[in-house]
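Visitor: This structure is in structure tokens; I'll ask about it shortly.
The values are calculated or read from the model by the stated rules, or taken from the named source; none is laboratory data. Just so we're clear, the structure is a prediction, and the values are computed from it rather than from any experiment. Positions of Cβ are generated from backbone atoms using ideal geometry, with glycine treated the same way; all protein chains shown enter the neighbour counts.
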Amino acid sequence: MNYFSRLITLLVLAISMSNYAQTADEIIATYHENIGGIDKLKAVNGIKLSLKINQGGMELPIEVIELKDGRQMTKITFQGQEIMQGVYDGTTLWSTNFMTMQAEKSDAETFDNFKLGLNDFMDDFIDYKDKGYTAEMLGIETIDGTEAFKIKLTKEPMTVEGQLVDDVSFYYFDTDNYVPIAVQTEVKEGPGKGMMSEATMSDYQEVDGIYFPFSMSQGVKDQGSQPVTVVSIELNPTVSDDMFVFPDSMESDGGN
Amino acid sequence: MKTLKLTLVLLTLPFWGQSQDDAIKNGKALFGDLSARHIGPALMSGRINDMTLHPTNSLIVYAGTAGGGVWKSSDGGVVFQPIFDDYCQSIGAVALDPNDPDNTIYVGTGETWTRNSVSVGDGLYKSTDGGANWKKIGFENSDRIANIVINPNNSNEIYVGVLGALWGDSSERGVYKSTDGGESWEQILYIDQRTGCADMAMDPNDPNVLYASMWAFRRTGWSFESGGDTSALYKSTDGGKSWNKIHNGFPSGDLGRLGIAIAPSNPKVLYTVIEAEEPSKKGLYRSDDAGNSWQQLNNDFGITVRPFYFSRIVVDPRNEDVVVKGGLSGSISRDGGKTFKALGNMHSDIHDIAFHIKDSNIMYVGTDGGVYRSMNGGVTMEIVENLPISQFYHISLDNAKPYNVYGGLQDNGSWYGPSSSPGGIEAKDWESIGQGDGFRVLKHTTKPIIYSEMQGADNIWRIDTENRLIKTIQPLPADEAVKLRFNWNTPIAMSSTHPDRFYVGSQFLHRSEDMGDSWDIISPDLTTNDPMKQNQEDSGGLSMDNSGAENHTTIFTIAESPIDDQVIWVGTDDGNVQVTRNGGKTWTNTVANIPDLPANTWTYHIEASVFDAGTAYAVFDGHTQNDMSTYVYKTTDYGASWKSIVTDDIVGFARNIQEDFVNPDLLFLGTEFGLYITMDGGQQWLKFTNNMPAVAVHFIDLQPQTNDLVMGTHGRGVIIVDDISPLRELSSEMMSKNVHLFDIKPTVIDEKSDFGGNFGAETQFVGANPNQSVQIKYYLSKRHTFGKMGIDILNAEGQKVGEVGPGKKKGINIVSWDYRLKPPIVAKGKTITFGGFTSPKAAPGTYKMVMTKGKDTYEQPFELKLDDTLPITPADYEERDRVSKLLFDMSESLAYMVYQLDEMIGHNTNQKPSKYSKRLNTLKESLVITTGDNYVGTAEPQLREKIANLFSKVATSYDRPSANDMENFDRLSKQMKEAESTFESLKKKFKNMDQLALKDKVSFLETAN
């Protein structure tokens, strides 16, 4: 049975039962089932996404690699220069400084919070109870014009400006097909602190039996957003270790 | 019975609603990307009702505002964010659960400083996740909530002080208690239908000890009464089971509003401020024995002034002798209440004060003009600059480009400001054009003249903005026997056909044909002239309060028909709807023809139709008679008959309606709780909630050139919904299609400077600008979630020149193309060349948007136009674009050359350094920067940088390239030719060129970034 016929079956089911009877657990299970099944999701060892964003006419290609062992990187290319962001080699989280084009380590708090997400490869909701997360069904709300289940996901507490705070996200799952179409999170630091950030997801397409959103937008709720287009997704990509390794300029300068 | 009810519901369902049930049940499923834009202003901010601090985190501050919702600061009061936009914006009290202050927040709605213009509340709300989600937990008809007190030892035990209805009897008032976290409530102190709980306090050491002040009060449209024999201060020592009056030492006779405060550092010390019959007995009283006895300490003006507005006492949490009292200026005592001095300079009318939890030098003060911070114990005060909670009574628009918004504010004068400004609409963009309580402001349609009205026509200023000259033009009585009665919010109006004509309403309609220099009265008294409603000098109760705000039996709205200037509509605050069809010679009161409208309901607005002289809409506001119903009527026969166009979809009493200029069935209604829109002449209304708070909308106008809907809100400033024209096209037929494309309006290329400065924007509110890009608008009948969807932009030749990320919403989508073309590929160097990031603007002309959605394709052409108001010619543009293109190509040719050169150098590095390899490197070093960094370590620019810089200079100019630009261009062309020739000769000498497998130029450019 292909994905779309499964969807139609679901639709018929949805009509025959009360939506509010749905628990967060059921919605999450159906979501995993609809995008390919939990086993398939767990079998993935790495993912490579080629993205593009458009900034005032300029198209920026972005490459993102995430591996199950936690290593990851984001590479933005322009004018032949490669800018690395959020690269983790298993020990160090680092990014390229745009002014000097040198690698610099992330601050300790960012790194600590980053490490909390290492168990979320592919999807926050995989084994979410085992990870100590809670998911609470808040009800049905209209978002992007369509009805969605609103689920509050609480993950490990994170540290913001030295204080432990709850890491809460609000996921919106389309009531027609149970895939997430939006996520909202309160901005926890910086000038936008207290605002609600919002990401939306659409253009779900299949890659090796798993459905991924090929279009996203990111911004602050009610204040405009930046579209992100997924050009391609490769599962279990071939990587080399040196793609992630922190090039320590202090060490190499000292050595020479 | 059930069946009957169901049948009735089915019968009243509009036909359109039945066929399109799914699509139009919910405004959120329709309005999509049509979103409200907030432009403030915030520089004068607005009225604050309550300040609340987090008990343990000193950085967290809440402001409960009179009409603009709840705002939270997480940085000690520097920057605030709204956290309550979807609910009633009039706030009485905000409280945090002391046991869970990060998550559990209570908001009691309905402001409690009961001036005439107060908004109403609709209950108590609770959040258990720090304000992200809210649930109403009762008190639907409480109107206003004064206090919420939570037992610090038991989160489930909550006390709520309900002040209750201001405009009528109500038994939903007094003190309530919950023992289950707000699930259920018990009324534990109730006096009568006109006496509510005005203030409450709990002993911090013994939560069973409670104090509650009860206040008898009532407003009507024409009077205010504070005080009575039921006003009293009560104490309970058993958690509210029993209450006793604690009046030992109180003045005799009736009491008015009392404030109560406990010294947190010594709960035996209490302060109350008493409104009493005898002026000498009013003022501050102190008890040092937990209320057993009281002693009067002070009856200064600052302590006794306007009790209904200022009865707030706050004691320093660390010092029982430091007391602050709200007031006209606010007063502070450091000797236990014996003497007071005024707080530092700030906006007048101080309603609440909060001391920092650790340092009493730091104070937060809520006023009629926003929140102030003090770092030195109230000596100097600084205003919070990003609370756009201004309270407009009225707004109007002009036809400038960009158009300006004019309006008057509660206690904050009158202003006008632009709908768009470089860098955003900042505080400095607003011009002050009046004082006091500002009301209606109108711009003369052809001359640089603004009319601005203040407080019951005390002044109607005529301002010559060109010469900065001001004169007052309000009509004065010419007849000894006649006293003119002007409403606090006096109506003024203009004619759409006679630019110098100007109207003012007292009980008569005054008309001037010379901009207010001379006046004719063109009506009899159009009001009920009820003498019972004309005794304002007796208003106030125990404290006389004849500010003029209660003037009644006056004209409130005036509308000359845009079709026929002999047809004039007049509505009065005591419920008349008068019309003349002969320019004022004879008048007909049509109110008797209005079905189901209670007598004397305030005629708040009459909208004369732009389609037909006999058609008008009338909006009535009954809330000052304690009637919260919505009343909107339409006539098509000069008032001979009226028909209600209200449905159950609407929540809140209405104040204003705006008719569309194109589609007579498209109407916009402003109520106490937000904006409602109908597209079928009122058969069904949808609430508009996209970035639109549930704020009281006092006035709506529609700008004819831009089709922007502009709202004057009473608590969130000016809010604009840009270009509502897609709503004109919505029909059930259109909405049955999967995709409907709206016309794309011709877009003018914006060449204007965007130097805005934005200095101070870190902490100042900056209003959003409208979108200047090409706006592609379409309707989707279902959200696009699966499969591909994309939008390409093609030029007239069919070449793709851009790509846009499409919107996927069900409903109206609006996506922008910023008419920027891609920047050139630049040669790879050690660093970035900033000139190479220049995206040239697309040329004026015809373009096409092509949307692909799954297997379907949709196309829509559009125009990009030159700004013909600027000194730019098409020939200038063409020359600019021609030279830009040459430089663009030059940059890409250089990029390809450097690519080949890099490959050749790379190949040679394996070999011994030679003269040849040195020549390769020398050439490269002359083409691009090979050292340094992107900041101050930058190296000397080379050919790449020079080409990119000239490209940027030419392409970003509005003008043709200058002679000097062209000299520079010639020089770079020459250098480029020389480089090419050097490169070609090196290439010829290169051995093994085939081993390099070089890409050809086209494929190089396609893959390079």
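Visitor: For segment B:420-432, enumerate the residues that are out of contact with any Ser or Thr (no Cβ under 8 Å at 6 or more places or on another chain) and touching a residue at least 40 places away in the same chain (Cβ under 8 Å).
Guide: If the condition is that a residue be out of contact with any Ser or Thr (no Cβ under 8 Å at 6 or more places or on another chain) and touching a residue at least 40 places away in the same chain (Cβ under 8 Å), then B:Ser420, B:Ser421, B:Gly423, B:Gly424, B:Glu426, B:Ala427, B:Trp430 are the ones that fit.
Visitor: Need the failing condition index for B:Tyr271 against (1) outside any loop (DSSP other than H, G, I, E, B); (2) buried (at least 24 other Cβ atoms within 10 Å of the Cβ); (3) touching an Asp or Glu at 6+ places or on another chain (Cβ under 8 Å), just the number.
Guide: Result: B:Tyr271 passes all but (3).
Visitor: Still on this structure: Checking the structure you have, find out if any residue of segment B:272-283 is in contact with a Phe, Trp or Tyr (Cβ under 6 Å, 6 or more places away or on another chain), within 20 Å of B:Ala93 (Cα to Cα) and either at pLDDT below 95 or of a type outside the set (Phe, Trp, Tyr) (or both).
Guide: yes
Visitor: Residues to consider are B:Ala768, B:Ala761, B:Ala842; find the one that is closer than 30 Å to B:Val384 by Cβ, in contact with a strand residue (DSSP E or B) (Cβ under 8 Å, 6 or more places away or on another chain) and within 12 Å of chain A (Cβ to nearest Cβ).
Guide: None of the other options fit; the residue is B:Ala768.
Visitor: I want to confirm something. Restricting to segment B:88-138 and keeping residues that are in contact with a Leu (Cβ under 8 Å, 6 or more places away or on another chain) and hydroxyl-bearing (Ser, Thr, Tyr), which single residue is nearest to the other protein chains (Cβ to nearest Cβ)?
Guide: B:Thr104
Visitor: Restricting attention to segment A:33-70, and to residues there that are facing chain B (nearest Cβ under 10 Å) and either hydroxyl-bearing (Ser, Thr, Tyr) or part of a strand (DSSP E or B) (or both), which single residue is nearest to B:Val804 (Cα to Cα)?
Guide: Residue satisfying both the conditions and the ranking: A:Asn54.
Visitor: Now for a different question. Taking segment B:82-102, which residues are within 21 Å of A:Glu161 (Cα to Cα) and in contact with a strand residue (DSSP E or B) (Cβ under 6 Å, 6 or more places away or on another chain)?
Guide: none
Visitor: Can you tell me which of (1) under 22 Å from the mean Cα position of the chain (by Cα); (2) acidic (Asp, Glu); (3) more than 14 Å from chain A (Cβ to nearest Cβ) is the one B:Asp85 doesn't meet?
Guide: So the condition that B:Asp85 fails would be (3).
Visitor: Go through segment B:795-812 and give me each residue that's within 9 Å of another protein chain (Cβ to nearest Cβ) and either in contact with a helix residue (DSSP H, G or I) (Cβ under 6 Å, 6 or more places away or on another chain) or not in a loop (DSSP other than H, G, I, E, B) (or both).
Guide: Of everything in segment B:795-812, those that are within 9 Å of another protein chain (Cβ to nearest Cβ) and either in contact with a helix residue (DSSP H, G or I) (Cβ under 6 Å, 6 or more places away or on another chain) or not in a loop (DSSP other than H, G, I, E, B) (or both) turn out to be B:Gly802, B:Glu803, B:Val804, B:Lys810, B:Gly811, B:Ile812.
Visitor: Ok, one more. Can you tell me which residue among B:Val79, B:Val61, B:Val70 is within 14 Å of chain A (Cβ to nearest Cβ) and within 21 Å of B:Met711 (Cβ to Cβ)?
Guide: The unique qualifying residue is B:Val70.
Condition check ((1) touching a Pro at 6+ places or on another chain (Cβ under 9 Å); (2) farther than 30 Å from B:Ala1008 by Cα; (3) without any contact (Cβ under 8 Å) to a residue 60 or more places away in the chain) across all residues:
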| site | (1), (2), (3) |
| --- | --- |
| A:Glu26 | no, yes, yes |
| A:Gly36 | no, yes, no |
| A:Thr100 | no, no, yes |
| A:Glu104 | no, no, yes |
| A:Glu109 | no, yes, yes |
| A:Lys115 | no, yes, yes |
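Visitor: Of B:Gly164, B:Gly123, which residue is under 27 Å from B:Leu409 (Cα atoms) and crowded, with 23+ Cβ neighbours inside 10 Å?
Guide: Within the list B:Gly164, B:Gly123, the selection yields B:Gly164.
Visitor: If you don't mind, another one. Kindly indicate which of B:Gly130, B:Gly108 is in the same structural domain as B:Asp203 (by TED's automatic domain parsing), under 25 Å from B:Arg47 (Cα atoms) and at pLDDT below 95.
Guide: Selected residue: B:Gly130, the only one of B:Gly130, B:Gly108 that is in the same structural domain as B:Asp203 (by TED's automatic domain parsing), under 25 Å from B:Arg47 (Cα atoms) and at pLDDT below 95.
Visitor: Could you list, in sequence order, all residues of segment B:616-666 that are surrounded by fewer than 17 Cβ atoms within 10 Å (Cβ to Cβ) and among the aliphatic types (A, V, I, L, M)?
Guide: Of everything in segment B:616-666, those that are surrounded by fewer than 17 Cβ atoms within 10 Å (Cβ to Cβ) and among the aliphatic types (A, V, I, L, M) turn out to be B:Ala640, B:Val662.
Visitor: In the set B:Arg880, B:Arg820, which member is within 12 Å of chain A (Cβ to nearest Cβ), basic (Lys, Arg) and surrounded by 19 or more Cβ atoms within 10 Å (Cβ to Cβ)?
Guide: B:Arg820
Visitor: Please work out which residue is modelled with the highest pLDDT, limiting yourself to segment B:453-484 and to residues that are closer than 22 Å to B:Thr553 by Cβ and among the acidic types (Asp, Glu).
Guide: Step by step, filter segment B:453-484, then rank; the result is B:Glu453.
Visitor: Hey, can you tell me all the residues within segment B:291-311 that are free of Cβ contacts under 8 Å to residues at least 60 places away in the same chain and closer than 14 Å to B:Ile262 by Cα?
Guide: Residues satisfying the conditions are B:Asn292, B:Trp294.
Visitor: Can you confirm whether B:Ile825 is in a strand (DSSP E or B), of a type in the set (Val, Ile, Thr) and within 14 Å of chain A (Cβ to nearest Cβ)?
Guide: No.
Visitor: Does segment B:862-872 include one or more residues that are assigned to a loop (DSSP other than H, G, I, E, B), polar (S, T, N, Q) and touching a helix residue (DSSP H, G or I) at 6+ places or on another chain (Cβ under 7 Å)?
Guide: No, every residue in segment B:862-872 fails to be assigned to a loop (DSSP other than H, G, I, E, B), polar (S, T, N, Q) and touching a helix residue (DSSP H, G or I) at 6+ places or on another chain (Cβ under 7 Å).
Visitor: Against the condition among the polar types (S, T, N, Q) and part of a strand (DSSP E or B), how does A:Thr100 come out, does it pass?
Guide: Spelling it out, it is not the case that A:Thr100 is among the polar types (S, T, N, Q) and part of a strand (DSSP E or B).
Visitor: Something else about it: Within segment A:96-117, is even one residue closer than 19 Å to A:Val44 by Cα and away from chain B (no Cβ under 14 Å)?
Guide: Yes, segment A:96-117 contains a residue that is closer than 19 Å to A:Val44 by Cα and away from chain B (no Cβ under 14 Å).
Visitor: Restricting to strands (runs of 3 or more DSSP E) lying wholly in segment A:179-231: which have 3 or more residues that are aromatic (Phe, Trp, Tyr), facing another protein chain (nearest Cβ under 8 Å) and touching a His at 6+ places or on another chain (Cβ under 9 Å)?
Guide: In segment A:179-231, no matching strands (runs of 3 or more DSSP E) lie anywhere.
Visitor: Look at segment B:354-368 and say how many of its residues are surrounded by fewer than 24 Cβ atoms within 10 Å (Cβ to Cβ) and either within 25 Å of the chain's Cα centre (by Cα) or assigned to a loop (DSSP other than H, G, I, E, B) (or both).
Guide: Total meeting the criteria: 7.
Visitor: Do any residues in segment B:858-882 that are assigned by TED's automatic domain parsing to the domain that holds B:Tyr778 have Cβ atoms under 8 Å from those of residues that are of a type in the set (Val, Ile, Thr) and in a helix (DSSP H, G or I), where the two are at least six apart or on different chains, and which pairs are they?
Guide: Within 8 Å, the pairs are B:Arg880/B:Val954.
Visitor: Which ones in segment A:106-121 are of a type in the set (Asp, Glu) and exposed (fewer than 14 other Cβ atoms within 10 Å of the Cβ)?
Guide: A:Asp107, A:Asp112 - these are the residues of segment A:106-121 that are of a type in the set (Asp, Glu) and exposed (fewer than 14 other Cβ atoms within 10 Å of the Cβ).
Visitor: Enumerate the pairs (first residue in segment A:128-148 and within 12 Å of chain B (Cβ to nearest Cβ) and without any contact (Cβ under 8 Å) to a residue 12 or more places away in the chain; second residue anywhere and polar (S, T, N, Q) and assigned to a loop (DSSP other than H, G, I, E, B)) with beta-carbon separation below 7 Å, excluding pairs fewer than 6 apart on the same chain, so at least 6 apart or on different chains.
Guide: A:Thr142/B:Asn26
Residue by residue, here is whether (1) of a type in the set (Val, Ile, Thr); (2) in contact (Cβ under 8 Å) with a residue 12 or more places away in the chain; (3) surrounded by 14 or more Cβ atoms within 10 Å (Cβ to Cβ) holds:
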site: B:Arg468; (1), (2), (3): no, no, no
site: B:Thr497; (1), (2), (3): yes, yes, no
site: B:Tyr503; (1), (2), (3): no, yes, yes
site: B:Gln507; (1), (2), (3): no, yes, yes
site: B:Arg511; (1), (2), (3): no, yes, yes
site: B:Thr527; (1), (2), (3): yes, yes, yes
